[in-house]
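Asks: Take this structure first; my questions come after.
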Amino acid sequence: MKALVLKEPGVTAVESIADLLPGKDDVVLKVRMVGLCGSDLNSFRGKNPMVSFPRVLGHEVAGTVVTAPAKLPPGTDVTLSPYTSCGQCASCLRGRPNACQYNQTLGVQRDGAMTEYLSVPAERIFTGNLSIKELCLVEPLTVGFHAVARGRVTPQDTVAIIGCGGVGLGAVAGSAIRGARTIGIDVDGDKLRIARAAGATDTINTATEPLHERLMDLTAGRGPDVIIEAIGLPQTFRAAVEEVAFTGRVVYIGYAKEPVAYETRLFVQKELDILGSRNALPEDFEAVIRMLETKRFPVNEAVSSIIPLEQVPDALNEWSREPARVKKILVDLDQKPNV
Ligand SMILES: [Zn+2]
Ligand SMILES: [Zn+2]
């Protein structure tokens, strides 16, 4: 079967790979749509130390059941959790398999979904009353939903999300669906417009507005109760600690690519909860599916293009040249290449 293979950093090709050998308890899916993610771009650029080559990319998946051991009729449209967990490490023993020490993400440490068929253990399959396109957006949104769960967001909270790209947008939607007052922060007016459509009550464009003054105005001088950092830059890592309210919660989802220097006095003085957030739990998948079923998420605005598999090498090159311009590319495995 054909697949999109990352042969080495910067080099991709659509080529033929070995057919599936599904385990007897696995669900076999016809892959229908796969989202391209920032981590795929990182792998493509050779900036993901966890990836080895050659590698089939893709971990944001919508598919249709071909065969399944039980309960799942063939023809059902589904999505899946792309993570694995060992069951024995400290995270797994604490019931937090999303942070398994030995996790292997589809398309990163093992071959991914940009191919025709996929076999997946049944417990990692999720269904909902959703279109293929909506199912394909579930996994990237779960990462933001998990951060909101880590921040223990309630309707009494004001939550600020720094960065309204794919992951941050999920946090905006997750915070809004919990009834919190939600402030989206970004330098891109277009992303802020989508954040408002996803439930942000207020937005701050830090390219033109002063972050501190605007946050003070919006929170009666106290600062947000929860700040979720979804960019990964030293200055936004610091801003989260500086701007959050006393006794507030800071949640980090962004991976900082360099060391960050802090005024650690603020950790103590404000008595902060500083939390990391990684991947997502099954309950985050369920929560995103329920949210998408309400049709309150701006699915069409959140997707910038839908392309056939054959176009992925060009799309990755283009995205790599202009990373800021692309929102979300979905790869439609049913779409025939334009010739
Ligand atoms: Zn992703
Ligand atoms: Zn584990």
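Asks: For the range 54-59, take each phi angle, set θ = phi - 60°, evaluate the Karplus expression 6.51 cos²θ - 1.76 cosθ + 1.60, and give the result in whole Hz per residue in order, putting x for glycine and proline.
Replies: x, 9, 7, 7, x, 9
Asks: May I pose another question? Starting from the Cα of Lys71, draw a straight line to each of the lysines and keep only those under 19 Å, dropping any in the same chain fewer than 8 residues away.
Replies: Within the straight-line cut-off, Lys71 pairs with Lys24, Lys30.
Asks: Heavy atoms of the protein only, probe of 1.4 Å, neighbouring chains included. What is the accessible area of Met1 in Å², nearest 10?
Replies: Per-residue accessible area (Met1): approximately 40 Å².
Asks: As an exercise, use a Förster radius of 25 Å and the Cβ-Cβ distance of Thr206 and Phe53 to find the FRET efficiency, rounded to the nearest 0.05.
Replies: So, using R0 = 25 Å, E works out to roughly 0.10.
Asks: How big is the chain in terms of Cα radius of gyration and Dmax, in angstroms?
Replies: Just the Cα atoms of the chain yield Rg and Dmax of 19.9, 63 Å.
Asks: What is the sum of charges around Tyr102, taking Lys and Arg as +1, Asp and Glu as -1, for the other residues whose C-beta is under 14 Å from the C-beta of Tyr102?
Replies: The answer is +3.
Asks: Using a 7 Å offset from Cα along Cα-Cβ at Lys30, what residues in the range 307-335 end up with backbone N under 17 Å from the label point?
Replies: 309, 332-335
Asks: Considering only DSSP states other than H, G, I, E and B, which trypsin sites (Lys or Arg not before Pro) in the range 40-144 qualify as loop sites with at most 12 other Cβ atoms within 10 Å?
Replies: Those that pass, being in a loop and sparsely packed, are Lys47, Lys71, Arg94.
Asks: Here are some pairs, Lys295/Lys336; Lys47/Lys336; Lys2/Lys133; Lys133/Lys295; Lys47/Lys295; which of them have Cα atoms lying more than 24 Å apart in this structure?
Replies: Going by Cα-Cα distance, Lys295/Lys336; Lys47/Lys336; Lys47/Lys295 fall outside the 24 Å limit.
Asks: Now for a separate question. If packing is taken as the average number of other Cβ atoms within 10 Å across a peptide's residues, how do 32-38, 312-318 rank, most packed first?
Replies: Highest mean packing first, the order is 32-38, 312-318.
Asks: Let me check something: with ligands and nucleic acids excluded, how do Val11, Val268, Val159 order by accessible area (1.4 Å probe), largest to smallest?
Replies: These residues rank, largest area first, as Val268, Val11, Val159.
Asks: If the only charges are +1 at each Lys and Arg Cβ and -1 at each Asp and Glu Cβ, what is the size of the charge dipole of the chain around the Cα centre, to the nearest 20 debye?
Replies: Here the size comes out at about 360 debye.
Asks: If you count, for each residue, the other Cβ atoms within 10 Å and average over each peptide, how do 187-194, 280-287, 213-220 line up from highest to lowest?
Replies: By packing density, highest mean first, the sequence is 280-287, 187-194, 213-220.
Asks: Another question about this same structure. Filter the DSSP H helices in the chain by two things, a Kyte-Doolittle mean of at least -1.0 and an axial alpha-carbon span of 20 angstrom or more, and list the hits by number.
Replies: Counting only whole DSSP H runs, the qualifying helices are 132-150.
Asks: Order Lys328, Lys30, most accessible first, counting only protein heavy atoms with a 1.4 angstrom probe.
Replies: Correct descending sequence by accessible area is Lys30, Lys328.
Asks: Could I ask something else about it? About the Cα centre of the range 142-276, what is the dipole size in debye to 20, counting +1 per Lys and Arg Cβ and -1 per Asp and Glu Cβ, all else neutral?
Replies: Approximately 340 debye in magnitude.
Asks: How big is the antiparallel share of DSSP beta bridges in the chain, given as a percent to the nearest 5?
Replies: If I count the DSSP bridges inside the chain, around 55 percent turn out antiparallel.
Asks: So what's the gap between the Cα centers of the range 81-158 and the range 201-265, to the nearest angstrom?
Replies: Value for the Cα centre distance between the two parts: 26 Å.
Asks: Once label points are set 7 Å from the Cα along Cα→Cβ at both Phe267 and Arg290, what is their separation, rounded to one decimal in nm?
Replies: Between Phe267 and Arg290, the label points sit 3.5 nm apart.
Asks: A follow-up question, please. What is the distance, in nm, between label points placed 7 Å from the Cα along the Cα-to-Cβ direction at Ala315 and at Lys7?
Replies: 2.1
Asks: By how many nm would the segment from Gln335 to Lys71 grow when fully extended, if each residue of separation counts as 0.36 nm and the alpha-carbon distance is taken off?
Replies: That pair, Gln335 and Lys71, stretches by 92.1 nm at full extension.
The values are calculated or read from the model by the stated rules, or taken from the named source; none is laboratory data. Because the structure is a prediction, the values reported are computed rather than measured. Positions of Cβ are backbone-derived with ideal geometry, glycine not excepted, and every protein chain shown enters the neighbour counts. All accessible areas refer to the heavy atoms of the entire protein, side chains included, with ligands and DNA or RNA removed. Shrake-Rupley method; radii C 1.70, N 1.55, O 1.52, S 1.80 Å.
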